[in-house]
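Worksheet: one structure, shown below.
The values are calculated or read from the model by the stated rules, or taken from the named source; none is laboratory data. Just so we're clear, the structure is a prediction, and the values are computed from it rather than from any experiment. Note: ideal-geometry Cβ built from the backbone for every residue, glycine included; neighbour counts use all protein chains shown. To get the accessible areas, we keep the full protein, side chains included, count just its heavy atoms, and leave off ligands, DNA and RNA. Shrake-Rupley method; radii C 1.70, N 1.55, O 1.52, S 1.80 Å.
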Amino acid sequence: MKPVGLIRMVVLLLLGTVGPTYAQQEQQQEDKRQKQEQKPKPEKQQEAKPQKQEERQAKDQQGQEKKQKQENKSARQEQQREAKPQKQEQQQEKGQQKQQQANRPSQREQHGQPGEQQAAFEGHRAHEWKSEHRDWNQRGGYNGYRIPEDRYRGYFGPSHAFRIYSYPVVVVAGYPRFQYGGFWFSVVDPWPEYWSDDWYDNDDVYIEYYGDGYYLYNRRFPQDRIAISVSVN
């Protein structure tokens, strides 16, 4: 056989061997790639989804609990707000009852104490009231106790007249002092000489805050006002 023919035969034999081997390798690589694509996702990714759902559920539950607490707190505050005025009203009623009992004169006081009252007021009569009288402005202003507004409306002013003989009268530091409406009143001004001798027994009087302080008025002499000071005991 000639050398050329021999070489050709060898080449053909090599081609017939290499071709199937290369094709087989290609097929194996393709199969491997498909298997990799068909592999499931890592377990961590599959587990992450349920964990997030559990976290969301926990947050939702916490939010609901917080909302419930706020609603309960608001309900308690509302109940407290409603209960507070009722408690204040009850306390005010009790206070008014006690005050009424304190203001109600005893049988002895209702009949008066003419001897004591006469002695208390007799030495405090003016000789010339217009020159001896001084209002609170002339006295430098009123600096004593001030009656609360609600109490003032209930017991004082022109519509709340009374007679002093129905209430206790004493002398303190040389001034007549009487009790009315739960307070003590000191008569620091002399009473006019032209008033009747027993005005404190028979005349209707009332107490009013006028301009610069408290004054005692006699309905028979409404133009006159006597300066008085207030205390609680």
Only unsatisfied item for N233, checking (1) open to solvent by 70 Å² or more (accessible area, probe 1.4 Å); (2) modelled with pLDDT under 95; (3) in contact with a helix residue (DSSP H, G or I) (Cβ under 9 Å, 6 or more places away or on another chain), is (3)
Options A102, A58, A75, A83; residue that is more than 30 Å from Y165 (Cα to Cα), open to solvent by less than 90 Å² (accessible area, probe 1.4 Å) and modelled with pLDDT under 70:
A83
Regarding Y155, is this residue under 14 Å from I207 (Cβ atoms), hydroxyl-bearing (S, T, Y) and open to solvent by less than 40 Å² (accessible area, probe 1.4 Å)?
no
Scope the stretch 109-141; condition modelled with pLDDT of 70 or more, part of a loop (DSSP other than H, G, I, E, B), over 18 Å from A173 (Cβ atoms) and open to solvent by 70 Å² or more (accessible area, probe 1.4 Å); matching residues:
H127, E128, N137, Q138
Quick one: in the stretch 167-176, of everything that is farther than 16 Å from D198 by Cα and not aliphatic (A, V, I, L, M), which residue is least open to solvent (accessible area, probe 1.4 Å)?
G174
In the stretch 183-223, residues that are open to solvent by 30 Å² or more (accessible area, probe 1.4 Å) and assigned to a strand (DSSP E or B) total 7
Of the residues I226, I164, which single one is open to solvent by less than 30 Å² (accessible area, probe 1.4 Å), among the aliphatic types (A, V, I, L, M) and touching a His at 6+ places or on another chain (Cβ under 9 Å)?
I226
